[in-house]
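Enquirer: Starting off with a structure, shown below.
The values are calculated or read from the model by the stated rules, or taken from the named source; none is laboratory data. Being a predicted model, the structure only gives us computed values, none of them experimental. Ideal geometry is used to build each Cβ from the backbone, glycine not excepted, and the neighbour counts take in all protein chains shown. Quick note on the areas: whole protein, heavy atoms, side chains included, nothing else; ligands and nucleic acids left out. Shrake-Rupley method; radii C 1.70, N 1.55, O 1.52, S 1.80 Å.
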Amino acid sequence: MIPVAEWIALHDLVHRYAARVDERDFAGVAQLFGDDGVLVLPNPPRDFGPVREHRGPEGVVAALSVLEEVSLTAHSITGVVFDPGDHPAAARGRVTCVAHHVSPRDGRFADAVWHLHYLDRYAKTGGEWRFARREVHLDLIGTREVRATRLGR
């Protein structure tokens, strides 16, 4: 079992990732990774599993910058499970999420809804938890029309 204080810190880490992505604070997301942290992304619709590896802060920022083309994202963490790692400064996690990607389409907005889970490795450095490795695994993708957004109709 993960001690409660460590569980809270890990819980905060995964939620900060989602919030910073939605805020388009990609440099802030990169700060949540260790210096040699790795983000591994799928390549939908062909690859639903993690196939594109991005290393270090620059790699994380570059990988997430593709979201600049998406008008609005909204990530909802739907479940978290944390397990101890091989030593006290390591942990593993499985985080489930629903990620909305809203973009204009034919004069309206469309939402590409990704149901996904992250498989994470965390490392505690300098007294704080960071992502050592975050893999994005897509489970399903749906598309729906959006009636209105804060961006307009």
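Enquirer: In whole percent, how big is the carbon plus sulfur part of the accessible area of the stretch 22-111, probe 1.4 Å, protein atoms only?
Expert: About 49 percent, which is the carbon plus sulfur part of the accessible surface.
Enquirer: How large is the helix-only mean residue ellipticity at 222 nm for the chain, computed as the sum of -39500 (n - 2.57) over DSSP H runs with n ≥ 4, divided by its residue count, in deg cm²/dmol to the nearest 500?
Expert: Helix contribution divided over all residues of the chain: -6500 deg cm²/dmol.
Enquirer: What does the charge dipole of the stretch 1-75 about its Cα centre add up to, to the nearest 20 debye, if the Cβ of each Lys and Arg holds +1 and the Cβ of each Asp and Glu holds -1?
Expert: Computed about the Cα centre, the dipole is about 160 debye.
Enquirer: Another question, if that's okay. Could you check the spin-label model distance between E145 and R130? Points 7 Å from the Cα along Cα→Cβ, value in nm.
Expert: 4.7
Enquirer: Compare R24, R121, R105 in a GNM of the chain, Cα atoms joined below 10 Å, and give the one with the largest fluctuation.
Expert: Looking only at R24, R121, R105, the largest GNM fluctuation is found for R105.
Enquirer: Which one, P42, I141, L119, is farthest towards the positive end of the dipole of the stretch 31-153 when Lys and Arg carry +1 and Asp and Glu -1 on their Cβ?
Expert: Result: I141.
Enquirer: At 0.36 nm per residue, minus the direct Cα-Cα distance, what do V98 and Q31 gain on full extension? Give it in nm, one decimal, please.
Expert: That works out to 21.8 nm of additional length.
Enquirer: Evaluate the chain: find the radius of gyration of its Cα atoms, find its Kirkwood radius, and give the ratio Rg to Rh.
Expert: We get a ratio of 0.99 for the chain.
Enquirer: Using alpha carbon centroids, what distance separates the stretch 5-61 and the stretch 72-94, in Å?
Expert: First find each Cα centre; the distance between them is then 11 Å.
Enquirer: Describe numerically, in nm with one decimal, the distance between label points set 7 Å from Cα along Cα→Cβ at H137 and at R55.
Expert: 2.4
Enquirer: Please compute the net charge surrounding F26, taking Lys and Arg as +1 and Asp and Glu as -1 over other residues with Cβ under 12 Å from its Cβ.
Expert: Cβ neighbours under 12 Å give a net charge of -3.
Enquirer: So, one more: Rounded to the nearest whole Å², what accessible area per residue is found for the stretch 8-153 with the 1.4 Å probe?
Expert: Here the residues of the stretch 8-153 average 54 Å² of exposed surface.
Enquirer: Choose one answer from G28, G37, G107: the residue with the largest mean-square fluctuation in a GNM of the chain with alpha-carbon springs under 10 Å.
Expert: Per the Cα network of the chain with a 10 Å cutoff, G107 tops the list.
Enquirer: Could you work out the relative contact order of the stretch 9-132, using alpha carbon pairs under 8 angstrom and six or more residues apart, expressed as a whole percent?
Expert: Relative contact order of the stretch 9-132: 23 percent.
Enquirer: Which value, in debye to the nearest 20, describes the size of the charge dipole of the chain about its Cα centre when Lys and Arg Cβ atoms bear +1, Asp and Glu Cβ atoms bear -1, and nothing else is charged?
Expert: 400
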